[in-house]
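Engineer: Starting off with a structure, shown below.
Please treat every number below as a calculation from the coordinates, not as lab data. Since the model is a prediction, treat every value here as computed from it, not as a measurement. Positions of Cβ are generated from backbone atoms using ideal geometry, with glycine treated the same way; all protein chains shown enter the neighbour counts.
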Amino acid sequence: MKMWQEQAKGQHGWQSRWQEAISQMRTIRLIGSMIWRSGPLLVVLLFAAMFVQGLIPALQLLASKQIIDHVTVGNGRISMIWAWAYAISMVFMVLLLSVQKWISKILAERSMLAINLLLLDAWEKVPGMKLYDQKKYRNRLEALQDSANWLPAQIIALSASFMTGLVSLISIVVLVGNLSLMLAIVLLLSTIPHALKQNRYAEMDWEYDKSSTEDRRRMNYAREQLLGRRAAKEIRLFGLGPFFLQLYRKKFERLFLRFEHLQKRFVRGSVLTGLLSGGVAGLGYFWIVNQISSGSVSMGDIALYLLAIFQLSKELRETSNDGVNALELWRMGHDFRLFIEAEPDIHQDPNPVKDVYGSPMTIEFNNVVFKYEQDAEANEDEDEDDTDEDEPDFDEDMDDNSYDVYMEDGAGEESEDTEQERPDREYILNGISFTIAPGECVALVGANGSGKTTIVKLLCRFYELTGGFIRMNGRDIRTLDIGELRKRISVVFQDYGKYGLTVRENVAIANVDQQDLKKMDEAVTLAQAQSFIQDLPNAYDTLLGPEWGGEDLSGGQWQRLAIARSMYRDADFIILDEPTASLDVRAEYELFNSFRKLAEGKSVLLISHRFSTVRMASRILVLQDGRIIEEGTHNQLMELGGEYAKMYKIQAEAFEHAGAEKDS
Ligand SMILES: Nc1ncnc2c1ncn2[C@@H]1O[C@H](COP(=O)(O)OP(=O)(O)OP(=O)(O)O)[C@@H](O)[C@H]1O
């Protein structure tokens, strides 16, 4: 994706530095305005507190000098006033610190909410699914999700500390410069190498963080498998605990080695630059001692400058560290900006057609060609050495081959790694043309991986077509408003959602604008979910999902809820992608009988491997190698004696065989 490429290309030269600086300024503006909007008054108060706090060290130095000078000339009253000033400044300092802490915390919480909302909003506005397939994008998203919770707090705290340090630094420089301008300048210069080195290390640290996201994701993945509920049964049955533990440990060890190496470099560099700035500060002391022997300074001056030089070199180091760290955090903000300003993965017509839908719908696929885009960034820099040698082997229990099979099956992977190894994605659809007439129920059959679900994804505009076009009621779907288009479609996906919400909410979320209890009852009845819902402790108000203390449902019951959800949606076009996979045969038969009544007048696309279901459709399309190879009613296709008839017979024979075995 363009937005990640922008920063991944490793830019060089002044021009790119300049662009980088401009980009940073835009980030600062975005994050800064977000913090500002979180509480303008609080930001002003924070700055005021930081400014006053920054002046206090210089004031205390001045007070110390005055106290000593007035005591030595016997002016006890004035020295007492300065002593009071010193004491009050101490109290003030503590008070300001508490106020600053309080304001920072409130601002940090509010900004955290703001940044999370921005992130969620930006993600919600990504119209397609393409980004989900991109490893780098997912890595970044995960890193952003994590840092959204602490980044604003850190930015505020470090920026505040930097600002306070800067004010205090300037005021002390003025004090020291008053004694010797040269000394102040030399002290300032001596800190520059330290600041530059720190900045370089912070950059490296940032790069390290970015490049370790993939490993961290794998660690989180391994941990999730071990601690989560989803894979708990298989983990126990197959004894996968040690495997995932090993995966976790290997990734951790790899990260730790790089981390340790980086830290060693930091320490070495810091010692050298620290020696330089410390050495120059030491020279300053010699200079002061020299001034004492020449008798040109008072006792108060001596105390002031001895303390000031110490304070100055300390402030210089701390402020440059704070500045560099704050810069690093702002750099992280850069990722947020890129994410928030990302170009959508689906082109939206600037003047989309919003209201062209008649009911029922005509759907037309015309010479549709599609292939999933290669993830161009999947093998880039950050993962160069991230080969599978880092993945653990199944030691005694499994040999290498079984591990490969395991990974290919996708049981332990999101299949990203295997997909990266493909030289180029093949065309999944290769010139598909068909029409669904208004109110028609068309079934789509084909082997696993033949592209049936891909057709659904294209209809919903989750991906851009590679070629050809899809029309709805005669309009190219690219000209339609994506939101409006999706409102007219209801889909029972193969991997439907199981929401940790109440039963009612699980159904109602398909149409949040509408609260129609009668319609909900109808949808639930149609999906034959009524009887098990009534048996639940609080019927419709029962919370689902044991991980939330709610009830769990069987696979078939969850599927019925998903069907009820899709029926509750007020859509003209219904797509059922394997809607009955978890239902028993009788339930499936009853479901389709009542479904036909409810879907009357609606266009339906039905995808199923069960021919008992498929044969109820008014027309059947057979998909093979990205093409429709047969089309007709069940009887026509059986007469044709082609692929459909072959698949039908295999399934029928299997049923008969199973039935015969049962009878005997
Ligand atoms: N996001 C994706 N990125 C890359 N390839 C994908 C993606 N989703 C699916 N594919 C590939 O596209 C092909 C078609 O997948 P699709 O899910 O459309 O098949 P299907 O006919 O619905 O299969 P099944 O009957 O198993 O559900 C498969 O080879 C699959 O690996």
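Engineer: Of Cys460, Tyr132, His70, whose Cα points farthest to the positive end of the dipole of the chain (charges on the beta-carbon: +1 Lys, Arg; -1 Asp, Glu; origin at the Cα centre)?
Structural biologist: Positive-end residue among those listed: His70.
Engineer: So, one more: For Gly446, what residues show an amide H to amide H distance below 5 Å, using hydrogens built from the backbone and excluding near sequence neighbours?
Structural biologist: Here the answer is Leu623, since their amide H atoms fall under 5 Å of that of Gly446.
Engineer: Placing +1 at every Lys and Arg Cβ and -1 at every Asp and Glu Cβ, with all other atoms neutral, what dipole size does the chain have around its Cα centre, in debye to the nearest 20?
Structural biologist: Approximately 3200 debye in magnitude.
Engineer: Over all pairs of distinct alpha carbons, what does the Kirkwood formula give as the hydrodynamic radius of the range 50-144, in Å?
Structural biologist: Working: mean 1/r = 0.0558 Å⁻¹.
In the range 50-144 this quantity evaluates to 17.9 Å.
Engineer: Percent antiparallel among DSSP beta bridges with both residues in the chain, to the nearest 5? Intermediate values should be presented prior to the final figure.
Structural biologist: Numbers: 19 of 39 bridges.
Around 50 percent of the beta bridges assigned by DSSP in the chain are antiparallel ones.
Engineer: FRET efficiency for Ala21 and Ala87, Cβ-Cβ distance as r, R0 = 45 Å, nearest 0.05? Don't skip to the end; give the middle numbers.
Structural biologist: Numbers: r = 45 Å, r/R0 = 1.01.
Efficiency, rounded to the nearest 0.05: 0.50.
Engineer: Cα centroid distance between the range 24-43 and the range 561-632, in Å?
Structural biologist: 52
Engineer: Let me ask another. Helix by helix through the chain, keep the DSSP H runs that span 15 Å or more along the axis on Cα and average at least 0.5 on Kyte-Doolittle, and give those back in order.
Structural biologist: Values: long enough: 13-37 (36 Å, -0.45); 40-72 (48 Å, 1.49); 76-124 (70 Å, 1.05); 135-147 (18 Å, -1.81); 151-179 (41 Å, 1.88); 181-211 (45 Å, 0.04); 213-227 (20 Å, -1.75); 241-294 (77 Å, 0.21); 299-340 (59 Å, 0.19); 555-568 (20 Å, -0.43); 585-598 (20 Å, -0.45); 643-663 (30 Å, -0.99).
Result, helices passing both filters: 40-72, 76-124, 151-179.
Engineer: Once the range 490-570 is represented by equal point scatterers at the alpha-carbon sites, with solvent omitted, what log10 I(q)/I(0) does the Debye formula produce at q = 0.11, 0.17, 0.19 Å⁻¹?
Structural biologist: -0.23, -0.57, -0.73
Engineer: Let me ask something else about it. Place the peptides 527-533, 551-557 in order of packing, highest mean first, counting for every residue the other Cβ atoms within 10 Å and averaging per peptide.
Structural biologist: On the way: 527-533: 19.6, 551-557: 15.4.
Descending mean neighbour count gives 527-533, 551-557.
Engineer: Tell me, Val503, Val353 in order of fewest to most beta-carbon neighbours within 10 Å?
Structural biologist: Numbers: Val503 26, Val353 16.
So the ranking, lowest neighbour count to highest, is Val353, Val503.
Engineer: I've got another one for you. Treating only the Cβ atoms of Lys and Arg (+1) and Asp and Glu (-1) as charged, compute the dipole magnitude of the range 490-570 about its Cα centre; round to the nearest 20 debye. Each step should come with its number before you reach the end.
Structural biologist: Values: 7 positive and 12 negative charges, 38 e Å.
In debye, rounded to 20, the range 490-570 gives about 180.
Engineer: Return the Rg/Rh ratio of the range 172-295 with Cα-based radii and a Kirkwood Rh. Before the final figure, lay out the partial values.
Structural biologist: Values: Rg = 25.8 Å, Rh = 18.8 Å.
With Rh from the inverse mean 1/r over Cα pairs, Rg/Rh is 1.37.
Engineer: Find how much the distance from Glu234 to Asp521 grows on full extension, using 0.36 nm per residue of separation minus their present alpha carbon separation; answer in nm with one decimal.
Structural biologist: Working: separation 287, 0.36 × 287 = 103.32 nm, distance 3.66 nm.
Stretched fully, the Glu234-Asp521 segment lengthens by 99.7 nm.
Engineer: Helix-only estimate, please: 222 nm mean residue ellipticity of the chain, summing -39500 (n - 2.57) across DSSP H runs of length 4 or more and dividing by its residues, to the nearest 500. Please report the intermediate quantities before stating the final value.
Structural biologist: Working: 23 runs with 415 residues, N = 664.
Rounded to the nearest 500, the figure is -21000 deg cm²/dmol.
Engineer: Tabulate in residue order the Karplus-calculated ³J(HN,Hα) for the range 545-553, using 6.51 cos²θ - 1.76 cosθ + 1.60 with θ = phi - 60°, rounded to whole Hz; enter x for Gly and Pro.
Structural biologist: For the range 545-553, the Karplus curve yields x, x, 5, 10, x, x, 7, 9, 10 Hz.
Engineer: Same structure, new question: Can you list the residues, at least 5 places off or on another chain, whose amide H is less than 5 Å from the amide H of Arg627, using H built in the peptide plane?
Structural biologist: Distant-sequence amide H within range of Arg627: Asn430.
Engineer: How big, in percent, is the set of alpha carbon pairs in the chain lying more than 46 Å apart? Walk me through the numbers before you get to the answer.
Structural biologist: Numbers: 85999 of 220116 pairs.
Value for the chain (Cα pairs over 46 Å): 39 percent.
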